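Notes follow the structure.
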């Protein structure tokens, strides 16, 4: 594992694999550690919106992600049950030299919601991610530091990456290992987008790093970093 010339993404706020043992995912404490870790450049958060309009960060386990978190609840209830932190509280501990990556899970989040919570805050970049291009189209006329990524889309290789670049996308993510190839990497690079792969589907740390090196991928996940 060589992090030289790599851009490390703190997945769910975690700086490295052992962070999972110390902190909750998407928590203030996890993000504080990532913000204070030199090799971490991007802090990724799973963004949701409560019934009373609070933006909060939580991924959840399979049952929570797929079912329980789909039902609207007020933030105080979510905080009590899941110890969820608000996006505003998390942003307080992230230094302005970091990139904030928001993997948007709640489709009722609006442009005004984001502009409000980021008002008066500065970061190197803010990446807005979702599996739907049409959903991300609603975030137009955002401040210059905001950009977009197509992520979590199992049909990603069927998208016209040149059109994504024209729409203001900067990043492109392959979801599964079998979607990664020299052809795909070349196609994305030619469009000017930055190519990254999710850690989903890799059974071992070794297989992940083998793919990273084979396809000369710059962006890497903290899920495969040991300290």
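The values are calculated or read from the model by the stated rules, or taken from the named source; none is laboratory data. As the structure is a computational prediction, the values presented were derived from the model and not from experiment. Note that each Cβ is placed from the backbone with ideal geometry, even for glycine, and that neighbours are counted across all protein chains shown.
List of remarks:
- In segment 25-55, the residues that are outside any helix (DSSP H, G or I) and surrounded by fewer than 18 Cβ atoms within 10 Å (Cβ to Cβ): 36, 38, 39, 51, 52, 53
- Residue within segment 56-75 that is touching a strand residue (DSSP E or B) at 6+ places or on another chain (Cβ under 7 Å), closer than 19 Å to residue 128 by Cα and not in a loop (DSSP other than H, G, I, E, B) present: yes
- Test result for residue 117, surrounded by 14 or more Cβ atoms within 10 Å (Cβ to Cβ), in contact with a strand residue (DSSP E or B) (Cβ under 7 Å, 6 or more places away or on another chain) and more than 19 Å from residue 91 (Cβ to Cβ): no
- Among the candidates 148, 205, residue that is over 22 Å from residue 123 (Cβ atoms) and either touching a residue at least 12 places away in the same chain (Cβ under 8 Å) or surrounded by 13 or more Cβ atoms within 10 Å (Cβ to Cβ) (or both): 205
- Exactly one residue out of 19, 27 is touching a helix residue (DSSP H, G or I) at 6+ places or on another chain (Cβ under 7 Å) and more than 19 Å from residue 123 (Cβ to Cβ): that is 19.
- Residue 172 satisfies every condition listed in (1) under 23 Å from residue 145 (Cα atoms); (2) more than 21 Å from the chain's Cα centre (by Cα) except (2).
- Test: residue in segment 187-199 that is in contact (Cβ under 8 Å) with a residue 24 or more places away in the chain, assigned to a helix (DSSP H, G or I) and under 23 Å from residue 98 (Cα atoms): no
- Taking the numbered list (1) in contact with a helix residue (DSSP H, G or I) (Cβ under 9 Å, 6 or more places away or on another chain); (2) over 21 Å from residue 145 (Cα atoms); (3) assigned to a loop (DSSP other than H, G, I, E, B) in turn, residue 78 passes all entries but (3).
- Test result for residue 139, surrounded by fewer than 16 Cβ atoms within 10 Å (Cβ to Cβ) and either free of Cβ contacts under 8 Å to residues at least 12 places away in the same chain or over 27 Å from residue 2 (Cα atoms) (or both): no
- Set 43, 99, 109, 90: member being over 30 Å from residue 4 (Cα atoms) and in contact (Cβ under 8 Å) with a residue 12 or more places away in the chain: 109
- Candidate set from segment 1-16 (those that are assigned to a loop (DSSP other than H, G, I, E, B) and modelled with pLDDT of 95 or more); member that is surrounded by the fewest Cβ atoms within 10 Å (Cβ to Cβ): 6
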